[in-house]
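Input: a single structure, listed below in structure tokens.
The values are calculated or read from the model by the stated rules, or taken from the named source; none is laboratory data. Remember, predicted model here, so these are calculated numbers, not experimental data. Glycine also receives a Cβ, built like all others from the backbone with ideal geometry; neighbour counts cover every protein chain displayed. For the accessible areas, the whole protein counts, side chains as well, though only heavy atoms, and no ligand, DNA or RNA atoms are used. Shrake-Rupley method; radii C 1.70, N 1.55, O 1.52, S 1.80 Å.
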Amino acid sequence: MSRSSRPAYCLALGAAVLGVLSAGCAGAAPRFGWQLPILADSSARALPRPRLASGLDTNDARAYYTLGDDLLYRGRWLDSADLAFYWAARLDPTWADPLYARAAVVVRAFRRDVLRRQWRGAVQLAPRQRQLIDSLTRLALARDPFISTRFDPIMGNAPGIGPHEDDAVRLGLTYYHAQLFPAAIEWLGKAIALQPGAVELRIYRAHAFYYLQRYDSTVADLQVALDTLRRRETGQLVPIYLSKEMFEYAIGMAEVQRQDYAAGRAAFARALVENLGFYMAHARLAGVAFGQHDTATAVAELDFAVEVAPREPTLRFYDGYALLGVRRYDEADAQFATALELDPDYAAPYFERARVEEARGHAAAAARWYRAFLAHAAMVAPDRAAARRRIAALDATSDSS
């Protein structure tokens, strides 16, 4: 769920990709029976939606997320939990939490299978599962590097955060996951004083500062953690959450939150120096430019992002929105149309296609798209009232002509 409503998954989720889980009797790694697409795909429309309780909104991503969250918590029907998280991400592809939760499902299923079979020795995640966790984690952190969800399925896999650490670490993480952030900061500070090189502890404390809107402290902790990693640099692959581009990206987000847009731009640019293909850094640069009314830069950055990740419906939507803002209606409509081809259940592009048709003077077409938006949008969607008003106005215009 949102940062304000849930404790956090372990930021070290990516460590499962590189780590080994020890368990009960030796043998081959377990396999799983479900293979869902990572991103929304129009070819996957036949995938069933999990049944929601009576009265819940089947257009609401949070309803499916809540279902998956409950199933994951109980540790049962994990394939159904994965399907619920998949549909939450399909209905709201901008939302990081369902993607991260799907990675946690893989880890939880692996650990459950290991325990059931009582394997002995070291048991590794299968290559397909490591790849899936890495892909989902990358997508989630690209959407929100300060993601916070419910479970902590692999606590202990990150270096420096083992299950037998001292009380300062244990209490700091306990308070963090209980969202008691002032106490978490206090105890994590004590732990960091004892282990100043523990990068993961600084990540946790930086997140706690971020949730308290103490962005200066967020940036300071992330910068120290990044400097520590640079001193240790070995040239080996690292989990995405420890990559330099992700640190710079998170710093950029915090800088923008404290309204230091120049520092935010600089951090996003440094992230791109580390990885030019990090498309969400381009999107964040576009967001800063758009907020400062530099629409030419915003469109250029989003055009580049779309080239790098052409199958991301969110990028198509953002690019279309920027193009609509500069009255490039045909190009905007093409981007919204592609977003809907990639994810027909994504409601927002329907609303923007209606705006494009209004700008073109096509009242009947605009009304159709507004109605399509109402058919796909959650009942709590903030634009529903605006869509109804525009339909009434357009219908009135049509009746009077």
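Being surrounded by fewer than 18 Cβ atoms within 10 Å (Cβ to Cβ) and of a type in the set (Asp, Glu) is true for just one of ASP60, ASP97, ASP82, ASP70. Which residue is that? Full working, then the answer.
Working: ASP60 fails: surrounded by fewer than 18 Cβ atoms within 10 Å (Cβ to Cβ); ASP97 fails: surrounded by fewer than 18 Cβ atoms within 10 Å (Cβ to Cβ); ASP82 fails: surrounded by fewer than 18 Cβ atoms within 10 Å (Cβ to Cβ).
Going through ASP60, ASP97, ASP82, ASP70 in turn, the sole match is ASP70.
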Checklist entry - Is one or more of the residues making up the range 209-219 among the charged types (D, E, K, R), closer than 20 Å to GLN257 by Cβ, modelled with pLDDT of 90 or more and crowded, with 24+ Cβ neighbours inside 10 Å? => result no
Going through the range 338-359 in order, the residues found to be open to solvent by 20 Å² or more (accessible area, probe 1.4 Å) and among the aliphatic types (A, V, I, L, M) are ALA348, ALA359
### Query
Going by the structure shown, is LEU194 open to solvent by 10 Å² or more (accessible area, probe 1.4 Å) and modelled with pLDDT of 85 or more?
yes
Requested in this report: Look at ALA375 and say whether it is open to solvent by less than 20 Å² (accessible area, probe 1.4 Å), modelled with pLDDT of 95 or more and under 19 Å from LEU91 (Cα atoms).
Outcome: no
Suppose the filter is open to solvent by 20 Å² or more (accessible area, probe 1.4 Å), under 30 Å from LEU47 (Cα atoms), out of contact with any Gly (no Cβ under 7 Å at 6 or more places or on another chain) and not aromatic (Phe, Trp, Tyr); does GLU331 pass it? no
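Could you tell me how many of the residues in the range 228-242 are loosely packed, with under 12 Cβ neighbours inside 10 Å and at pLDDT 60 or above? Can you show your working first?
Within the range 228-242, the first condition is being loosely packed, with under 12 Cβ neighbours inside 10 Å, and the residues that meet it are 230-237.
Now narrow it down to the ones that are at pLDDT 60 or above: 230-234.
Qualifying residue count for the region: 5.
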Given (1) in contact (Cβ under 8 Å) with a residue 40 or more places away in the chain; (2) aliphatic (A, V, I, L, M); (3) open to solvent by 20 Å² or more (accessible area, probe 1.4 Å), VAL199 misses just (3)
**Asked** under 17 Å from the mean Cα position of the chain (by Cα), at pLDDT 95 or above, open to solvent by 50 Å² or more (accessible area, probe 1.4 Å) and of a type outside the set (D, E, K, R): does that describe TYR318?
**Response** yes
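Taking only the range 378-401 into account, find how many residues are open to solvent by 40 Å² or more (accessible area, probe 1.4 Å), among the small types (Gly, Ala, Ser) and either under 25 Å from the mean Cα position of the chain (by Cα) or at pLDDT below 95 (or both).
Looking only at that region, the number is 4.
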Residue set LEU136, LEU173; condition surrounded by 22 or more Cβ atoms within 10 Å (Cβ to Cβ), at pLDDT 85 or above, over 15 Å from TYR204 (Cα atoms) and among the aliphatic types (A, V, I, L, M); output residue LEU136
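Looking at the range 114-124, can you tell me whether even one residue there is of a type in the set (S, T, N, Q) and modelled with pLDDT of 80 or more?
The answer is no; no qualifying residue exists.
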